[in-house]
Ligand SMILES: [Mg+2]
C-alpha cells in the first residue's frame, strides 16, 4: 500500500508492502516499512531526481568500495564508520527514489500503487517471492 500522509506541515510517503500475512504455521513474508518525507524546500523534476539518484547510488558504491578496499587506497575509516556511511548513503538513495515518486505522481499523474502491485507480481513471477 502506498499512502500519502500529512504530519504537521510535512507530507510523507509511506510505502508498505503487505502480502497476505498467514497464520497456521505458514511462512510469513518479512517486510520493511520506511517512511520518508516529501521534501518541501526543493523544486525537484524528473531529471533532477534521476540525476540525484545516480549520484547517491555512486556514493553508496564508493562507501562499499572503501569497505572492501576496492580502490587500492588504504582505508582510513574503521569498519563501523564505513558501515554507518553505507547505511546513510543507502537512505539517501531511498529518499531520492521517494522524491522521484512524488514527482511522478504530482507532475505526471503516475499511479505508484498500481505500479507497486505490478512490481510485486513481477517478483513472484520471477521466483523471488514464494
Ligand atoms: Mg549521499
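Throughout, read-outs are computed from the coordinates displayed, never taken from laboratory work. These numbers were taken from a predicted model, which means no experiment stands behind them. When we count neighbours, we look across all protein chains shown, and the Cβ atoms used for this are built from the backbone with ideal geometry, even at glycine.
A few comments on the model shown:
- Yes/no for residue 130 being surrounded by fewer than 16 Cβ atoms within 10 Å (Cβ to Cβ), assigned to a loop (DSSP other than H, G, I, E, B) and touching a residue at least 60 places away in the same chain (Cβ under 8 Å): yes
- Residue within the range 62-79 that is surrounded by 12 or more Cβ atoms within 10 Å (Cβ to Cβ), touching a residue at least 40 places away in the same chain (Cβ under 8 Å), within 15 Å of the ligand (Cβ to nearest atom) and in a helix (DSSP H, G or I) present: no
- When each of 105, 47, 89, 59 is tested for being surrounded by 11 or more Cβ atoms within 10 Å (Cβ to Cβ), away from the ligand (no atom under 12 Å from the Cβ) and part of a helix (DSSP H, G or I), the lone residue that passes is 105.
- Yes/no for residue 82 being part of a helix (DSSP H, G or I) and in contact (Cβ under 8 Å) with a residue 40 or more places away in the chain: no
- Some residue of the range 109-123 being at positive phi and more than 16 Å from the ligand (Cβ to nearest atom): yes
- Restricting the first member to the range 89-103 and to residues that are within 8 Å of residue 56 (Cβ to Cβ) and without any contact (Cβ under 8 Å) to a residue 12 or more places away in the chain, and the second to residues that are near the ligand (Cβ under 9 Å from one of its atoms) and in a helix (DSSP H, G or I), no beta-carbon pair is closer than 9 Å while six or more apart or on different chains.
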